[in-house]
Amino acid sequence: MAVYMGEEEVIQKNMALAQEKVYTVEDIEELPEGVRAELIDGQMFYMATPSRKHQGLVIALSGMLFAHLNQNKGKCAVYPA
């Protein structure tokens, strides 16, 4: 079962973690499925699940970049993730 956190919960967890121990890759790997976090310089930063608005903006921006590259024969590629 995936666990999703809202933005407020992510902020609270990140603030609490900033005062705690140094984390490792093993700590990230032990997180429950669906919990999104990044490890930066020994600090764990939880990430909120992208909202529908965020995902819509990513698709729109990706489409505009793709169209611009095609019109101008650009050699780059667009990989939305």
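Tell me which label goes with the value of mean projected area of the Cα convex hull in nm² computed from the coordinates here: (1) 7.3; (2) 11.2; (3) 17.7. Among (1) 7.3; (2) 11.2; (3) 17.7, the one derived from this structure is (1). Computed over protein heavy atoms with a 1.4 Å probe, the accessible surface of the chain works out to 83 Å² per residue. Treating the angle as unsigned and between 0 and 90°, give the value, to the nearest 10°, between the Cα long axis of helix 52-71 and the longest Cα principal axis of the chain. It works out to around 40 degrees. 3J(HN,Hα) along the range 25-39, derived from phi through the Karplus expression 6.51 cos²θ - 1.76 cosθ + 1.60 where θ = phi - 60°, amounts to 4, 4, 5, 5, 5, 8, 5, x, 4, x, 8, 9, 8, 10, 10 Hz, with x in place of Gly and Pro. Taking a spot 7 Å from the Cα of residue 71 along the direction of its beta carbon, which residues of the range 31-56 have an amide N less than 19 Å from it? Correct set: none at all.
Close amide H contacts of residue 43 (hydrogens built in the peptide plane, cut-off under 5 Å, sequence separation of 5 or more or a different chain): 23. On a 0 to 90° scale, report how tilted helix 7-17 is relative to the longest principal axis of the chain, with both axes built from alpha carbons and the result rounded to the nearest 10. Long axis of 7-17 versus the principal axis of the chain: about 50 degrees. Across the accessible surface of the chain, with the other protein chains kept in place and a 1.4 Å probe, carbon and sulfur atoms take up 59 percent.
Amide H to amide H, with H built 1.01 Å from N, residue 37 comes under 5 Å of 47, counting only residues 5 or more places away or on other chains.
The values are calculated or read from the model by the stated rules, or taken from the named source; none is laboratory data. Everything numeric in this text was worked out from a predicted model, so none of it was measured. No Cβ is skipped: glycine too gets one built from the backbone with ideal geometry, and neighbour counts run over all protein chains shown. Note: areas computed on protein heavy atoms with side chains; ligands, DNA, RNA excluded. Shrake-Rupley method; radii C 1.70, N 1.55, O 1.52, S 1.80 Å.
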